[in-house]
Amino acid sequence: MRPLRIAPQTRPDWRAGRLNIVIGALSSDAHTWNLVFLQLLLEELGHRVRNLGPCVPDEVVVQACREHPVDLLLVTSINGHGVQDGKSLIRAVRNRPELASVPVAIGGLLDTDGTGHRAELLDAGFDAVFEGGAGTGALTTYLGALCSRSA
């Protein structure tokens, strides 16, 4: 398998450091290939990734974030139930005082009606929302900001 290559104009300055990132699909979402792609992308950018896989129950996500240092929790959905499942997960994460300040981002196909729910998910407690066709550029920009903040 050839390594992923990110165009130089979209690659942020990673000298600020590497992040410990936990990724996984929301509880009702069984996609796997997107998680593999995401893991490979993040690792090529120099980050350490723990991939929890598909259909991850909220309790498992919370436990994974409590067991190991985490700089970002990034969850995905492509089945259109991301808003509903995402709200459940973010409540579980934010209810743990030790995880209250962990950045949490959600991305993918988050609804079935295509109306967008960015503001709703941010209000629920997510720090970043990448809907539909946001692409890797928005994610890499966000990661660059997190790296700068943690430096």
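The values are calculated or read from the model by the stated rules, or taken from the named source; none is laboratory data. Owing to the predicted nature of the structure, the values given are computational and were not obtained by experimental measurement. Cβ: placed from backbone, ideal geometry, glycine included. Neighbour counts: every protein chain shown.
Considering only residues that are farther than 17 Å from GLY82 by Cβ, surrounded by fewer than 17 Cβ atoms within 10 Å (Cβ to Cβ) and among the aliphatic types (A, V, I, L, M), which ones fall in the stretch 106-151?
ALA145, ALA151
Search the stretch 27-46 for residues that are on the phi < 0 side of the Ramachandran plot and pair each with any residue that is part of a loop (DSSP other than H, G, I, E, B) and basic (Lys, Arg) when their beta-carbon atoms are under 9 Å apart and the residues are at least 6 apart or on different chains.
GLU44/ARG5; LEU45/ARG11; LEU45/ARG18
Filter the stretch 111-144 for residues that are in contact (Cβ under 8 Å) with a residue 12 or more places away in the chain and of a type in the set (A, V, I, L, M, F, W, C) and give the result.
Pass one, the stretch 111-144, residues in contact (Cβ under 8 Å) with a residue 12 or more places away in the chain: 111-112, 114, 116-118, 120-121, 124-132, 134, 136-137, 139-144.
Those that are in contact (Cβ under 8 Å) with a residue 12 or more places away in the chain and of a type in the set (A, V, I, L, M, F, W, C): LEU121, ALA124, PHE126, ALA128, VAL129, PHE130, ALA134, LEU139, LEU143.
Look through the stretch 5-25, keep the residues that are under 20 Å from HIS68 (Cβ atoms) and in a loop (DSSP other than H, G, I, E, B), and return whichever of them is modelled with the lowest pLDDT.
From the stretch 5-25, those under 20 Å from HIS68 (Cβ atoms) are 17-25; that's our starting set.
Checking which are in a loop (DSSP other than H, G, I, E, B) leaves us with 17-19.
Values: GLY17: 68, ARG18: 92, LEU19: 96.
The residue in question is GLY17.
So is VAL93 among the aliphatic types (A, V, I, L, M), part of a helix (DSSP H, G or I) and at pLDDT below 95 or not?
no
Does any residue in the stretch 53-70 that is free of Cβ contacts under 8 Å to residues at least 60 places away in the same chain come within less than 8 Å, Cβ to Cβ, of a residue that is in a loop (DSSP other than H, G, I, E, B) and hydroxyl-bearing (Ser, Thr, Tyr) six or more places away or on a different chain, and which pairs are these?
Correct list of pairs: GLY53/THR32; PRO54/THR32; CYS55/SER27; CYS55/SER28; VAL56/SER27; PRO57/SER27; ASP58/SER27.
Does VAL102 satisfy the condition of being in contact (Cβ under 8 Å) with a residue 12 or more places away in the chain, touching a Cys at 6+ places or on another chain (Cβ under 8 Å), part of a helix (DSSP H, G or I) and surrounded by 13 or more Cβ atoms within 10 Å (Cβ to Cβ)?
Numbers: in contact (Cβ under 8 Å) with a residue 12 or more places away in the chain: yes; touching a Cys at 6+ places or on another chain (Cβ under 8 Å): yes; part of a helix (DSSP H, G or I): no; surrounded by 13 or more Cβ atoms within 10 Å (Cβ to Cβ): yes.
The answer is no for VAL102.
For the list (1) modelled with pLDDT of 95 or more; (2) crowded, with 17+ Cβ neighbours inside 10 Å, I need the number of the one condition that VAL83 fails.
(1)
If you scan the stretch 43-81, which residues turn out to be of a type in the set (D, E, K, R) and part of a helix (DSSP H, G or I)?
Restricting attention to the stretch 43-81, the residues satisfying the condition of being of a type in the set (D, E, K, R) are 43-44, 48, 50, 58-59, 66-67, 71.
Answer for the stretch 43-81, where residues must be of a type in the set (D, E, K, R) and part of a helix (DSSP H, G or I): GLU43, GLU44, ASP58, GLU59, ARG66, GLU67.
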